[in-house]
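These notes concern the structure reproduced below.
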Amino acid sequence: MEEIAADIRKNLQNRPFDGSLKFDCGADGVIVLADGTASTEDRDTDCTLRLSPENLTKLLTGKLNPATAVMMGKIKLSGDMGVALKLSKLIG
């Protein structure tokens, strides 16, 4: 998870992200986007996406469409959907 968080931190340098969002991969851990960085420390966020580490990687590399993934149950979203929509700025 730390490796994925490091990649996200690189993207955040060029593309700021407003709000806070958590990728919750269950027993594999979490990645929290907040305060302009990505961390593996769990905390409350505006929005939470529950998904597998494999689907997280696919999502961040643009190989998994977020809307389709939610509809198919590959991603479970809770909290502020508006924050989740801002994620598209970081993908790709």
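In the P(r) worked out for segment 2-89, what percent of Cα pairs fall beyond 18 Å? The share of Cα pairs beyond 18 Å in segment 2-89 comes to 35 percent. For the chain, a Gaussian network of Cα nodes joined below 10 Å ranks 56, 12, 21 by mean-square fluctuation, and the top entry is 12. In this label model, residue 70 and residue 13 are separated by 3.1 nm, measuring between points 7 Å along each Cα→Cβ vector. Mean residue ellipticity, 222 nm, helices only, the chain: the sum of -39500 (n - 2.57) across DSSP H runs of n ≥ 4, divided by residue count and rounded to 500, is -9500 deg cm²/dmol.
Every number here is computed from the coordinates shown, using simple stated rules; none is lab data. Computed from a predicted model, the values in this text were never measured in an experiment. Don't worry about glycine lacking a Cβ; one is built from the backbone with ideal geometry, like all the others, and counts go over all protein chains shown.
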